[in-house]
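Here the structure is laid out as structure tokens; the discussion comes afterwards.
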């Protein structure tokens with residue numbers, strides 16, 4: 001973070017004796033030499049390479065860590081380093097290469113005298129010529145990509161079995177949101193983070209027990225999020241962000257990259273990356289307030305231990321309680337997470353553990369169905385509590401271990417395994433009413449539910465680099481396994497009652513549920529191979545891969561056991577010297593095939609192999625150095641089961657086809673202005689429906705146009721003060737497949753700001769935001785066929801963070 005007040009100038013020395021420090025200070029007038037001209041062993045081009053794993057952090061902390069790793073003294077005036085940040089650096093580099101990369105665009109130069117490296121500001125009399133150094137996420141597929149200019153997103157993301165890849169060398173549309181952006185935007189859940197993306201829209205509202213959303217027009221829920229690449233381990237319901245370093249979004253299917261998602265979501269892949277300890281010690285306390293009375297405390301601790309700082313420990317703890325923006329509703333939540341890592345010589349080991357509790361009491365936000373009324377009425381007030389008196393509780397806990405081992409300079413092996421347990425109880429689903437009158441009269445029922453999911457998830461693989469003639473290869477072989485035991489209690493349903501969406505009455509609360517009996521024993525297993533071939537000095541990157549997926553459900557009647565082979569192809573072309581990448585891909589997504597349960601059907605009992613959603617996509621990416629544009633066009637075809645009335649047989653010939661154009665942008669437009677957002681056009685068409693009844697209709701819940709634009713401005717008149725704004729727009733959406741019901745377009749605005757300063761020599765950040773500034777009431781999204789969710793109320797968020 002940039003600080004408005006400079007710290008007292010004093011030399012910072014990295015490891016070395018007082019004698020060396022005195023020597024460094026005496027060299028203050030020494031001329032600066034280009035690194036290539038330094039006649040010293042430490043900075044020689046043929047010096048031994050260092051195995052580095054430096055996260056994105058302050059420049060001062062990065063130089064500390066580099067000096068420690070290299071065992072070479074580095075001296076600098078801390079005033080020169082103050083307020084500067086350094087990108088992440090993973091892989092094997094000489095000290096010269098590492099310094100070139102860390103100091104790029106910093107205005108600082110390095111020289112060496114008598115074994116001491118000196119960092120100074122570049123002046124008009126000398127220049128440091130940095131040779132071209134192509135460092136990106138591909139240099140270490142297991143390392144975390146650095147933050148991009150502006151700090152809101154990262155340069156790359158994890159592409160499942162392919163590992164971390166730079167955006168410009170990825171044949172997919174990916175965005176990786178950073179912890180810095182989540183903190184600055186006060187995004188408490190993953191759902192709040194995803195509101196920055198124009199290709200993502202929500203089918204449940206704020207205050208609901210679950211966050212369900214649509215990516216490229218296809219549904220996805222929290223059970224289908226991956227944690228460090230593994231499905232089945234993410235928290236249930238609301239996924240907290242306090243323990244996350246990145247939220248990575250890959251748009252479109254990802255069966256080759258990650259295997260089949262538990263519920264078969266095909267619109268995209270969302271991967272959660274837990275926090276790790278940085279090189280500098282961290283003790284950060286954040287106090288926050290959310291209207292109408294929710295208060296939370298968050299402690300974030302990070303340390304590296306040992307003589308070489310090999311062991312890292314990161315702890316996050318949260319406690320929050322109070323009333324939400326939904327009238328009379330309250331929320332209590334706790335989170336405890338631990339992230340540990342150990343850096344060995346040629347190997348590393350990581351452990352993540354968390355436990356999350358959340359309880360919602362006395363209400364749920366509005367969800368209303370209009371199929372009986374036949375038209376959509378105006379939306380009620382955003383804070384309307386349609387189910388006063390209901391409650392919901394969710395508990396999630398998980399432990400994950402991951403290890404990587406360098407077999408040699410070109411080959412490495414990795415493996416990870418994790419176990420998770422989730423339990424839920426209360427009124428989590430069916431929180432809706434059916435509107436029966438134009439005046440808002442409605443009927444409803446309440447549904448008390450309970451259940452659990454026990455998951456065991458694992459992945460293992462080998463990655464290698466080799467050359468055949470003029471072609472570079474990045475080969476990956478991977479296997480995955482996800483086993484889930486699922487239990488559910490019999491749902492207890494209340495009697496029907498009458499209410500009104502504008503003036504809700506007290507609902508009839510369903511009775512208590514019984515025990516949760518085991519209802520599912522499901523296993524997803526797969527084996528995959530992929531190779532990225534680099535031609536013409538990697539100006540052409542061709543990725544070819546295939547995954548064999550098996551889906552087993554022992555407790556379905558009859559038992560389900562089917563396989564599918566799913567291929568993928570990705571192409572990146574860099575035809576010019578300019579930082580422009582052309583890309584294209586063909587990739588599939590898998591959803592468990594249906595089973596014919598209609599006793600009257602001619603093929604009763606038939607099982608279908610996993611359905612294959614097929615995507616074709618092409619686009620261009622343009623990196624201007626501090627600002628990146630991505631323009632893409634895509635088509636996704638997803639099959640489904642339907643009845644052929646002529647033969648009385650069910651087939652898998654049903655289909656929805658989504659075609660779209662996306663324009664995404666991110667980065668620093670100027671040194672003081674940052675933008676993040678884009679525009680999406682989607683044509684979601686029902687191409688094959690039962691009897692052709694709805695052929696050609698628009699799929700429900702998919703707006704033709706959606707746009708998001710977030711902006712940050714560092715004000716010139718108050719150092720440390722940043723003003724923020726976010727605009728979100730969605731065009732009209734159909735509520736049903738018949739296209740008889742439609743909700744109108746809507747636009748929402750958020751405003752905010754933050755102030756970074758120092759108080760009693762401590763870094764302090766104060767943040768404030770006002771979401772839905774105009775408190776607009778509108779139908780925001782679509783859930784299932786015929787149901788609409790209401791907008792979120794105007795919400796004030798305040799927080800204060802202090803680093804001790």
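Matching residues to (1) more than 27 Å from the chain's Cα centre (by Cα); (2) buried (at least 17 other Cβ atoms within 10 Å of the Cβ):
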residue: 672; (1), (2): no, no
residue: 686; (1), (2): yes, yes
residue: 690; (1), (2): yes, no
residue: 694; (1), (2): yes, yes
residue: 704; (1), (2): no, no
residue: 718; (1), (2): yes, no
Among the numbered conditions (1) surrounded by fewer than 20 Cβ atoms within 10 Å (Cβ to Cβ); (2) within 19 Å of residue 620 (Cα to Cα); (3) in contact with a strand residue (DSSP E or B) (Cβ under 6 Å, 6 or more places away or on another chain), tell me where residue 561 comes up short.
(2)
Matching residues in the range 708-734 (outside any strand (DSSP E or B) and at pLDDT 95 or above) number 2
Residue among 339, 306 that alone is assigned by the TED database to the domain that holds residue 382, free of Cβ contacts under 8 Å to residues at least 12 places away in the same chain and closer than 30 Å to residue 406 by Cβ:
306
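One line per residue, one yes/no per condition, for (1) part of a strand (DSSP E or B); (2) outside the structural domain of residue 163 (by the TED database); (3) closer than 14 Å to residue 70 by Cα; (4) modelled with pLDDT of 70 or more:
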position	(1), (2), (3), (4)
83	no, yes, no, no
90	yes, yes, no, no
97	no, yes, yes, yes
100	no, yes, no, yes
106	no, yes, no, yes
110	yes, yes, no, yes
126	no, yes, no, no
Test set (1) assigned to a loop (DSSP other than H, G, I, E, B); (2) under 25 Å from residue 506 (Cβ atoms); (3) modelled with pLDDT of 95 or more - residue 376 fails condition number:
(2)
Given the criteria touching a residue at least 60 places away in the same chain (Cβ under 8 Å), in the same structural domain as residue 383 (by the TED database), crowded, with 22+ Cβ neighbours inside 10 Å and farther than 19 Å from residue 340 by Cα, does residue 249 qualify?
no
Which condition from (1) part of a strand (DSSP E or B); (2) closer than 30 Å to residue 148 by Cβ is the one that residue 638 breaks?
(2)
Suppose we filter the range 440-473 for residues that are surrounded by 18 or more Cβ atoms within 10 Å (Cβ to Cβ) and outside any loop (DSSP other than H, G, I, E, B); how many remain?
15
Mind telling me which of the residues 781, 753 ends up being closer than 16 Å to residue 202 by Cβ, assigned by the TED database to the domain that holds residue 326 and assigned to a strand (DSSP E or B)?
781
Hey, among the residues in the range 386-405 that are more than 23 Å from the chain's Cα centre (by Cα) and surrounded by fewer than 20 Cβ atoms within 10 Å (Cβ to Cβ), which one's nearest to residue 485 (Cα to Cα)?
393
Which of (1) more than 27 Å from residue 685 (Cβ to Cβ); (2) within 14 Å of the chain's Cα centre (by Cα) is the odd one out, the single condition residue 200 does not satisfy?
(1)
Test each condition in (1) farther than 21 Å from residue 58 by Cβ; (2) in contact (Cβ under 8 Å) with a residue 24 or more places away in the chain; (3) surrounded by fewer than 18 Cβ atoms within 10 Å (Cβ to Cβ) for residue 319 and report the one that comes out false.
(2)
So which pairs qualify, if the first residue must be in the range 271-283 and more than 17 Å from residue 399 (Cβ to Cβ), the second must be surrounded by 23 or more Cβ atoms within 10 Å (Cβ to Cβ) and at pLDDT below 95, the Cβ gap must be under 6 Å, and the two must be at least 6 apart or on different chains?
271/158; 278/55; 279/65
Please list, ordered by residue number, the strands (runs of 3 or more DSSP E) wholly in the range 163-223 having 1 or more residues that are within 24 Å of residue 263 (Cβ to Cβ).
174-178, 200-202, 212-215, 218-221
Restricting to the range 771-804, and then to whatever is in contact with a strand residue (DSSP E or B) (Cβ under 7 Å, 6 or more places away or on another chain) and on the phi > 0 side of the Ramachandran plot, can you tell me which residue is surrounded by the fewest Cβ atoms within 10 Å (Cβ to Cβ)?
772
Does residue 512 fit the bill of being more than 23 Å from residue 364 (Cα to Cα), surrounded by fewer than 16 Cβ atoms within 10 Å (Cβ to Cβ) and either in contact with a strand residue (DSSP E or B) (Cβ under 9 Å, 6 or more places away or on another chain) or modelled with pLDDT of 95 or more (or both)?
no
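The values are calculated or read from the model by the stated rules, or taken from the named source; none is laboratory data. Note that this is a predicted model, so its numbers are computed, not measured. Neighbour counts run over all protein chains shown; Cβ positions are idealised from the backbone, glycine included.
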